[in-house]
Structures are given as structure tokens and as C-alpha cells.
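Asks: Please read through the structure below; I'll follow up with questions.
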Amino acid sequence: GDRLKGRCEMGLIADIKPPDTELRTAIFKKKSVDMGVDIPDNVLTFLAENIKTNIRQIEGAIKKLKAHSFIEDRQITLDMAVSVLSEYLKTAQTQDNKVQNIFDYICKKYSVKKEVLTSGKRNADIVYARNLCIFALRSLTDMSLKKIGSMFGKDHTTIINSISNVENKMKNEPAYEREVNLMLKELGE
């Protein structure tokens, strides 16, 4: 009860880790109350289980439900939530797939294992592949620098450095620029 409410209000909700459905349900509930939308508990639970991204998406989902409920002049129901959110869940899903594809691509192309890529190892080959991976994640997904950083156990300044390394190298080395553009094209298909 109160401890959970406290955690929500302290603003520790910027990056919610997926497993904690109970915490996310509480966040949805708080958001819906803040936004003056009456959402039944079973719908809140459904939202919490299915929307695992950021607060912006949570607010977007609640706004969409509010609009539908208003237009159709009826209570928000689970059926309504399922249909309204299918497009939402699709975009969240494609993002996860994209992240997976980027890792698969880099690991295969540069023969490096994912756990090595996200480790602290600093030898040149790994750093080369890691920078490309970070650059691709930044270019092809809408993940924040902080979120990308957390995947690699690095802070966002390190992620910014990786990205500028790639950008500078692209400016100075045409072959590298071709390689990066090919990667983005193959991954962006």
C-alpha cells in the first residue's frame, strides 16, 4: 500500500523494469487518477502486463482509452482496452524485435557473443562491434541513451562517446561509412 505509493511518487518510475507487474499496475492506477480517467482494475492489470515500456507510452495508452470511452460514451472495458491497445502493443513488440535483430546481426557479422558485447572488455575488435551495435540501437529504435547504456552496463556519456566515434570514423573513412550504411539498410528493412 503506502510504500508502493511512496515509490511511485518519488519519481523512481522513469525506467521501470518489466517483471514488477504490481508496481506497474500501481503506476497505471496513479496515472489514470491523475488524468481523471476511471479504469477498472482488470483493465489496469491488463495494461501493466502488456505495456512494458516507458511512462510516455503509459500516458498515451490511458489518453487513447479516455478518448474512446468519451466518443463511445461508455465505460472503459477490457474489450475496449484490447482493441485500442493492439496498435500500441504492436509498436512495443516491434521495438523488442528490432533490438534482438540488431544484436543478432552484430554478433553474427563480427563473430562476437552478445555477453562479450555487453561486457566491459576493451579489445579493439569488441569495441568496434560494440560501437556499431550502440550506433544501430540509437539510429533504429527510439530507446533513450540511458536505456541503451543500461544494456551495456555503461552510463549515457559513454554511449554518446560510442556514437560520436562511429560518426567521426564515418566522416573520415569511406569504407567504414559504407559498412555502417549497409548495416542500417539491412537492419532497417
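The values are calculated or read from the model by the stated rules, or taken from the named source; none is laboratory data. Quantities reported herein were computed from a predicted structural model and do not represent experimental measurements. Cβ atoms come from the backbone with ideal geometry, glycine included; neighbour counts cover every protein chain shown. What goes into the accessible areas is simple: the full protein's heavy atoms, side chains included, and nothing from ligands, DNA or RNA. Shrake-Rupley method; radii C 1.70, N 1.55, O 1.52, S 1.80 Å.
Asks: Of (1) in contact with a helix residue (DSSP H, G or I) (Cβ under 9 Å, 6 or more places away or on another chain); (2) closer than 24 Å to Lys147 by Cβ, Ile39 satisfies all except one. Which?
Replies: Unmet condition: (2).
Asks: I've got another one for you. Select, from Lys169, Lys154, Lys146, the only residue that is exposed (fewer than 14 other Cβ atoms within 10 Å of the Cβ) and out of contact with any Leu (no Cβ under 7 Å at 6 or more places or on another chain).
Replies: Answer to the selection: Lys146.
Asks: Across region 121-143, which residue is nearest to Val166 (Cα to Cα) among those that are free of Cβ contacts under 8 Å to residues at least 40 places away in the same chain, open to solvent by 50 Å² or more (accessible area, probe 1.4 Å) and touching a helix residue (DSSP H, G or I) at 6+ places or on another chain (Cβ under 9 Å)?
Replies: Arg138
Asks: Helices (runs of 4 or more DSSP H) wholly in region 77-154 with at least 1 residues that are of a type in the set (Gly, Ala, Ser) - which ones?
Replies: 78-109, 124-140, 145-152
Asks: I need the full set of residues from region 29-76 which are more than 18 Å from the chain's Cα centre (by Cα), outside any helix (DSSP H, G or I) and β-branched (Val, Ile, Thr), in order please.
Replies: Passing the criteria: Val37, Ile39, Ile76.
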